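**Q** I have a structure here, written as structure tokens, and I will follow up with some questions on it.
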Amino acid sequence: MSMRSIAVVGASLAGLHAARALRDQGFGGTLTIIGAEPHRPYDRPPLSKEFLAGRIGQDDLALEPEGEDLDAEWLLGVPATGLDTGRDGHRDKHSVLLADGTRVSADGVVIATGAAAATLPGNAASGGTAGVHTLRSVDDALALRAELLPGRRLVVIGAGFIGAEVASTARELGLDVTIVETAPAPFARALGPEMGAVLGSMHEDRGVRVLCGSAVQALIGTGPDGGRVDGVLLGDGRRLPADVVLVGIGARPAVGWLEGSGVALGEGPARDGVPADGVLCDAGGATNVPGVVAVGDCAAWFDPSLGRHHRVEHWTGAVQRPTAAAATLLSGGTAATPPPAPPYLWSDQYGMRIQFAGHTRPGDTVTVEQGDVAERSFLAVYRREDRPVAVLGVDQVRQFTRWRRTLSTVSTG
Amino acid sequence: MIPACPLAALPRGEAFRLDTVEPPIAIFHTDDGELYAIDDTCTHQDASLADGWLEGCEVECPLHASRFDLRTGKVDALPAKLPVRTHGVVVEDDTIYVVPSDLPPNLPPGARAKTA
């Protein structure tokens, strides 16, 4: 089927890169870009760092260079509510249904709707109690920033990267910060327990309390209907006073709008820390429905080196994979699939640059190969049966760059 | 003209960060033996290009993989949107010198000036 019209559903990093890739690869047809948020595409990593600290403004987050013209129709501020995959008479054409009743018909669809911040069980309406925040969008960041006032007590629920970055920014802004984590070690999902503990101690260096093995029982509020949060009750009965709470317990793929569409979705809990939900895709981004591909945080591509689907929530995946997905879509699935690059993430905390590439899982060994953990500048290599599978750098950018290159030439499964 | 380092201290394929100037300058010795100097700070976010990956006449930012042409300073790959400045390079008596550009630099948003 020739592609004369393509709808990109999702106007953030992955959607923008998909649109660019389609044009770069010669697609000259009608291009529609649909975004749930009212904003032009913007960069999210600074939302927990420079933007939250107030060092950069909203204009600085723009992802589009001045003068970029993708010759697309932008439908912003209207979430997609459904996907009709070529049934009901017009067999070869898909339709994206939007919240305002609009129906966008297209030969090809790129699913790039991203992920939404997970909320605490039983506290699904995270806006219900004042002072309780999640952080995903620029509007979330503006709301949180307005509450990060010097002297206030912030409790971060979840020792992951979002929580760690907000903790770092909040310390810089003069707040008292506690991080609460259910698992026995902080940051263990991404870094493993050993290096997770090192990162946790880097927070403690700055006066942040890190409480691990502590489940959150309830958020305590004042006044009727929960009012404003004033504490966090832990499973062991401890009560942490709080003026502001950030819930940073991960993200769920924003794929509810695809229910009933026929597009296959993964389900089930994470395995070895690898999320097993999201839109199931092959190693080139194709879904089970012809003419529909998926990219970015919502997409679980099959990773041949892992032998399973793997949903990646990293910025770099949202930048790199759309090139392959666009080729898949434009070729009707005959394009060669790219070799998977090891996942890469970076984080800035307390002025330290943290970089990680690869996959780690329980049982990997970790050795520090450069620098010194005690000096907070080191490079650690993760190995499985003597094979390097991942690398962590803290203020070791040059060495990290070399190691990351090495990893991309070997299988990291 | 600012002295940077002895030529012998910068083998092919390597980079040197001249941080006695503000903002710092990165000098690259390509595999083909050419010397180029550009602003060290990526115009996208605060990262040192001297720590990046040198390939041909391009350097890839170590943080987000923006690529800059060492000859022109132009962006060859996003996310950086603005070019880096290029600077003159002179080798005299086996020492590398830099002739800094008079143009204003394109520093990333929020970058705080660092002292040398």
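The values are calculated or read from the model by the stated rules, or taken from the named source; none is laboratory data. Computed from a predicted structure; not experimentally measured. Because the Cβ atoms are built from the backbone with ideal geometry, glycine has one as well, and the counts that use them run over all protein chains shown.
**Q** For segment A:1-42, give me the residue count where each residue is without any contact (Cβ under 8 Å) to a residue 60 or more places away in the chain and within 28 Å of residue A:173 (Cα to Cα).
**A** 1
**Q** Moving on. Given the conditions (1) in the same structural domain as residue A:404 (by TED's automatic domain parsing); (2) in contact with a helix residue (DSSP H, G or I) (Cβ under 7 Å, 6 or more places away or on another chain), report the number of the one that residue A:343 does not fulfil.
**A** Only one criterion is unmet by residue A:343, namely (1).
Okay, residues lined up against (1) within 14 Å of chain B (Cβ to nearest Cβ); (2) touching a strand residue (DSSP E or B) at 6+ places or on another chain (Cβ under 9 Å):
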{"residue": "A:336", "(1), (2)": "no, no"}
{"residue": "A:348", "(1), (2)": "yes, yes"}
{"residue": "A:357", "(1), (2)": "yes, yes"}
{"residue": "A:360", "(1), (2)": "no, yes"}
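**Q** Any residue in segment A:379-402 that is farther than 22 Å from residue A:200 by Cα sitting within a Cβ distance under 7 Å of a residue that is among the charged types (D, E, K, R) and not in a loop (DSSP other than H, G, I, E, B)? List the pairs, counting only those 6 or more apart or interchain.
**A** From residues that are farther than 22 Å from residue A:200 by Cα, the pairs are A:389/A:383; A:398/B:51; A:401/B:51.
**Q** Still on this structure, please answer the following. Give A:174, A:163, A:151 a once-over and let me know the one that is surrounded by fewer than 21 Cβ atoms within 10 Å (Cβ to Cβ) and either under 16 Å from residue A:350 (Cα atoms) or of a type in the set (S, T, N, Q) (or both).
**A** A:174
**Q** How many residues are surrounded by 20 or more Cβ atoms within 10 Å (Cβ to Cβ) and part of a helix (DSSP H, G or I) when one looks only at segment A:198-213?
**A** Residues that pass the stated criteria total 5.
**Q** Quick one: count up the residues across segment A:85-106 that are acidic (Asp, Glu) and at pLDDT 95 or above.
**A** Going through segment A:85-106 one residue at a time, the tally reaches 1.
**Q** Turning to a different aspect of this structure: Grab the strands (runs of 3 or more DSSP E) fully contained in segment B:1-83, keeping just those with 3 or more residues being surrounded by fewer than 18 Cβ atoms within 10 Å (Cβ to Cβ) and touching a residue at least 40 places away in the same chain (Cβ under 8 Å).
**A** Because the criterion is at least 3 residues that are surrounded by fewer than 18 Cβ atoms within 10 Å (Cβ to Cβ) and touching a residue at least 40 places away in the same chain (Cβ under 8 Å), the strands (runs of 3 or more DSSP E) in segment B:1-83 that meet it are B:2-6.
**Q** Follow-up question, since we're still on this one. Take segment B:84-97 and flag every residue that is of a type in the set (A, V, I, L, M, F, W, C), in contact (Cβ under 8 Å) with a residue 60 or more places away in the chain and either in contact with a helix residue (DSSP H, G or I) (Cβ under 8 Å, 6 or more places away or on another chain) or within 14 Å of chain A (Cβ to nearest Cβ) (or both).
**A** Within segment B:84-97, B:91, B:96 meet the criteria.
**Q** With the structure loaded, tell me whether residue A:78 is closer than 19 Å to residue A:296 by Cβ, buried (at least 20 other Cβ atoms within 10 Å of the Cβ) and β-branched (Val, Ile, Thr) or whether it fails that test.
**A** No; evaluated as a whole, the condition is false for this residue.
**Q** Related question: Against the definition (within 14 Å of chain B (Cβ to nearest Cβ) and surrounded by fewer than 16 Cβ atoms within 10 Å (Cβ to Cβ)), how does residue A:67 come out, yes or no?
**A** Judged against the criteria, residue A:67 is a match.
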